[in-house]
1. Using a cut-off of under 11 Å, list every residue of the range 312-355 whose amide N is near the label point 7 Å from the Cα of ASP301 along the Cα-to-beta-carbon line.
2. Quickly estimate the mean residue ellipticity at 222 nm for the chain, helices only: each DSSP H run with n ≥ 4 gives -39500 (n - 2.57), and the total goes over all residues, rounded to 500.
3. Multiplying the sequence separation of ARG225 and LEU311 by 0.36 nm and subtracting their Cα-Cα distance, what value in nm do you get?
4. Name the longest site-free stretch of the chain, where the excluded sites are trypsin sites (Lys or Arg not before Pro) in a DSSP loop with no more than 14 other beta-carbon atoms within 10 Å.
5. With θ set to phi - 60°, apply the Karplus curve 6.51 cos²θ - 1.76 cosθ + 1.60 along the range 260-274 and write out the HN-Hα couplings as whole Hz, x wherever there is a Gly or Pro.
6. Assuming R0 = 22 Å, can you tell me the calculated FRET efficiency for the pair VAL273 and ASP199, based on Cβ-Cβ distance, to the nearest 0.05?
7. If you build the Cα gyration tensor of the chain and take the root of 5 times each eigenvalue, what three semi-axes come out, in whole angstrom, biggest first?
8. I want to verify the translational diffusion coefficient of the range 105-225 in µm²/s; compute it with Stokes-Einstein, Rh as the Kirkwood radius over Cα pairs, at 4 °C and 1.567 mPa s.
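What follows is calculated from the coordinates using simple rules that are stated; it is not laboratory data. Note that the structure is a prediction, hence the values are computed from the model and not measured. Note that we place each Cβ from the backbone using ideal geometry, even for glycine, and neighbour counts take in every protein chain shown.
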Amino acid sequence: MKKSTSSSSRFQTFDLLATLVAVVHSDGAVLFANAALEDALGTSRRLIVDTDFGASFTEPQVLRNALAGVKSNDFAALRYDAWLKRPNRDLLPVHVIVTQTDHPDEIVVELLPLEQQARQEREERLLDQAQATKELIRNLAHEIKNPLGGIRGAAQLLEMEIDSQMTEYTRVIIHEADRLQTLVDRLLAPHRRPHVVGDVNIHEVCERVRSLILAEFPKGLRVVRDYDTSIPEFRGDREQLIQAVLNIAHNACHALAERVAAGDAQLTFRTRVARQTTFGKQRYKLALELHVIDNGPGVPDSIKDRIFYPLVSGREGGSGLGLTLAQTFVQQHHGLIECDSEPGRTDFKILIPLP
Ligand SMILES: Nc1ncnc2c1ncn2[C@@H]1O[C@H](COP(=O)(O)OP(=O)(O)OP(=O)(O)O)[C@@H](O)[C@H]1O
Ligand SMILES: [Mg+2]
């Protein structure tokens, strides 16, 4: 006990670091844990001191080997990536740096949380949001849909009864009811159509979207294809994925309007394979990445955090459903859409696990 108190004061400056730091003996027993590590583990350092630090990782042996190597002077420092286990919390992916000190039996273990962590938390938030809003929308849409038919029908009956001067009003009712009906139908679309599963080739999906987009914008838009043709087929709903990619590409084209007019608009479809990646709270050995990149003005800052929410739109006449639907479709494939946008470059990335 005395020993660890004196160690604490000796290593106190580590508490000022944002990096997670532990000082351990060569057998892995913790001598000191800094405040950032305490925080990350969600426990107090009193409970960490004297325990085996190796056991805090999914693969304890890796740290043990590293410590043994440092002790026997095989190397002065060693770096590797690992997963830190945290009681009652998710695994934390970290970059581990094990370094010798002047003292033979005191080894510094530094843990740098990987950038991935930040991404993962953002994704989890997205997923939770999507889940909550999906349910809300679905219920709300049903509630609107039912009386809507009645309103429209009643307006039609009224139209037959009243003199022709007044039909202007009933027309408005019918027109607006129809507009709402279209909106509600779109909201309910993902829940209505059965999920049709077959073998999907992502490049067929891209090609289809490309031809639809080029038919709409035959001039002023260059569509670049950058495909990794080694990507295997996967089980999925082709039509849904086409719709998802089309919604994203459509947005890009809307954003590119000025550049299309100027003749230098560019839309890129880029496919890649990602290995050992984590999204949607799960780690996948293999996943496909489809980037849809445009050189437009970027997503307006005011709505950047909310573009996947329903009814959030940054453009005149937009209903704010395109991305909500796209996200739903991709999530039905256990995937996720992310957006990274700045003026001149907007990148929508679709991630889908591969077999
Ligand atoms: N590539 C992009 N560049 C700039 N802004 C974008 C881009 N993609 C999306 N946005 C912004 O995100 C908003 C939401 O897009 P979303 O597709 O969900 O709705 P919408 O396009 O407004 O309406 P619709 O339901 O017809 O698709 C858009 O209105 C636009 O402001
Ligand atoms: Mg849209």
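1. none
2. My calculation for the chain gives -14500 deg cm²/dmol from helical runs alone.
3. On the way: separation 86, 0.36 × 86 = 30.96 nm, distance 3.09 nm.
So the extension gain works out to 27.9 nm.
4. That gives 90-218 as the longest site-free run.
5. 4, 4, 7, x, 10, 6, 9, 10, 10, 9, 10, 10, 8, 9, 10
6. Details: r = 17 Å, r/R0 = 0.78.
Working from the Cβ atoms, E equals 0.80.
7. Sorted largest first and rounded, they come to 54, 24, 18 Å.
8. Translational diffusion coefficient: 64 µm²/s.
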